[in-house]
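Below is one structure; the comments refer to it alone.
Please treat every number below as a calculation from the coordinates, not as lab data. Fair warning: this is a prediction, and the values are worked out from it, not measured in the lab. Here the Cβ positions follow ideal geometry from the backbone for every residue, glycine too, while neighbour counts run over all protein chains shown.
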Amino acid sequence: MMPRGIDEKLKEGIKALIRAETKCLGKADLDTWISLFTEDGYYWMPLEPEQTDPEKHDSLIYDNRALMEMRKFNLGNPLSPSMQHKVRSVRILSDLEINRQESPVDEITASASVIAVIHHRQQDYFAGTVTWQLAQTAKGLKIKSKRVDLLNADAPLDNIMIYI
């Protein structure tokens, strides 16, 4: 089956969704960020780029909606020892590579990213590829999944305090 093209209106919608997601994470607005996902959406950070299924491999992070809500609660809780110092971050998006595949769900993928995080006077950089699978829903374009492949996922990492 030949993939359908992406018209300019859809392309702008995709870019707006990814920019909104990036902005939410930069401001640590996890309520709005979670609302950008489909109800069955998930966030995945695999240990190795060859991994194809988050349920068949160990992962750095694999959060469905319930786990996103739990992480949001923990990160926002003033009693959380790890959150005694505010996390600040900035994300730099490269040009998005957008592809559309006809499949059981009309799948749209977009890729990009570099992130800098400051926590308790320590600055960390996370570089890699972010791939979003998007879905058209009754509420508009939503994130079905977000996969973050860190360049150094197999190396010892400092604590990853926030979503990347």
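Among the trypsin sites (Lys or Arg not before Pro) within the stretch 1-78, those in coil by DSSP and having at most 12 neighbouring Cβ atoms inside 10 Å are Arg4, Lys27, Lys56.
What the Cβ-Cβ distance of Glu39 and Leu79 gives, at R0 = 35 Å and to the nearest 0.05, is a FRET efficiency of 0.75.
Under 5 Å from the amide H of Leu60 lie the amide H atoms of Met45, Leu47, each residue being 5 or more positions distant or on a separate chain, with H modelled from the backbone and absent for Pro and chain starts. For Lys144, the lysines whose Cα falls under 17 Å of its own Cα, not counting residues fewer than eight places away in the same chain, are Lys11, Lys15.
Residue separation of Gln136 and Lys11 scaled by 0.36 nm, minus their Cα-Cα distance, works out to 43.7 nm of gained length. Put a dot 7 Å past the Cα of Leu67, heading toward its Cβ, do the same for Arg88, and the two dots end up 3.0 nm apart.
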